[in-house]
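K.L.:
The structure that follows is given in the form of structure tokens.
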Amino acid sequence: MTRNGFPRLVLFDLDGTLLDSAPDFVATVNLLRAARGAPPLPEGELRPHVSKGSRAMLGVAFPELDAAAREALVPEFLEVYQRELARHGAPFAGVEALLAAIEAAGSRWGIVTNKPEYLARELLPLLGWDQRCAVLLGGDSLPVRKPDPLPLLHAARLLGEDVAGCAYVGDDERDILAARAAGMASVVALWGYRLREDDPLSWQATTMAGSAHDLLDAAAWPRSDAALAR
């Protein structure tokens, strides 16, 4: 079920797992705030919320607005963010080496994110990943998104892989819930974005990793619940 110790297919979340996109989002919300006469928001205030999505970030950037007003800002937020893609952020330390190690082992890797698919697809060539990523699904690629397991299951099916040969890596509870429901091995990316009250231990992932460097050791990778049951 594995190749040289690595899962046959490693699926990743994007923001907060492969990509430190917080600087891009900080630039985005500060452009929105500047247009409304508000001072810049420090990166430290927004960073923990990045994996929660655009609405959560708008809630931090504009706490004085009600939910309906923040919802009305989502299209503008995405338009501005599209212009800021990969201008400020970069892959997390160790990510490029990890992707290369997965490929060298003869395994494949892909991305399952809740980010709109068009934005994720625009990012890939900017990062040099467009010819390397075996599968990409966004939050609007299917009728449901994480924590529903369907996007993970669909990504595996597209590549002809059984869930027993797959693992999913993410920094948010929704990632782990989706992986567990799919029967895939799950890895918490502890280097990603979390709120202070988040408790990764309670997510019951198969394992956790402190950095992408930790996953360069093939022995660090877990096997899926399906594989362990065999």
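The values are calculated or read from the model by the stated rules, or taken from the named source; none is laboratory data. In this text, all values refer to a predicted model and were calculated from it rather than measured experimentally. Note: ideal-geometry Cβ built from the backbone for every residue, glycine included; neighbour counts use all protein chains shown. Note: areas computed on protein heavy atoms with side chains; ligands, DNA, RNA excluded. Shrake-Rupley method; radii C 1.70, N 1.55, O 1.52, S 1.80 Å.
K.L.:
Ranked highest first by average number of other Cβ atoms within 10 Å, how do 187-197, 140-150, 65-75 line up?
P.N.:
187-197, 140-150, 65-75
K.L.:
How big is the antiparallel share of DSSP beta bridges in the chain, given as a percent to the nearest 5?
P.N.:
Of all bridge pairs located within the chain, approximately 20 percent are antiparallel.
K.L.:
May I pose another question? Quote the relative contact order of the chain in percent (integer), defining contacts as alpha-carbon pairs under 8 Å separated by 6+ residues.
P.N.:
26
K.L.:
Which value in deg cm²/dmol, rounded to the nearest 500, describes the helix-derived mean residue ellipticity at 222 nm for the chain, given -39,500 (n - 2.57) per DSSP H run of n ≥ 4 and division by the residue count?
P.N.:
-11000 deg cm²/dmol
K.L.:
At 1.4 Å probe radius, can you tell me the per residue accessible area of the chain in Å²?
P.N.:
42
K.L.:
Counting Lys and Arg as +1 and Asp and Glu as -1, each charge on the Cβ, what is the dipole of the chain about the Cα centre in debye, to the nearest 20?
P.N.:
400
K.L.:
Ok, one more. Quick query: amide H of PHE12 versus all other amide H atoms, modeled in the peptide plane; which residues come in under 5 Å with a sequence gap of 5 or more or a different chain?
P.N.:
GLY110, ILE111, VAL112, VAL169
K.L.:
I need to check one value: relative contact order of segment 158-230, counting alpha carbon pairs closer than 8 Å and at least 6 residues apart, in percent.
P.N.:
This gives 35 percent for segment 158-230.
K.L.:
Given contacts defined as C-alpha pairs under 8 Å and at least six residues apart, what's the relative contact order of segment 1-94, whole-number percent?
P.N.:
37
K.L.:
Which shape class, rounded, prolate or oblate, goes with segment 97-179 when its Cα gyration tensor gives a ≥ b ≥ c as root eigenvalues, a/c under 1.5 marks rounded, and past that a/b bigger than b/c marks prolate?
P.N.:
It comes out oblate by the Cα gyration axes.
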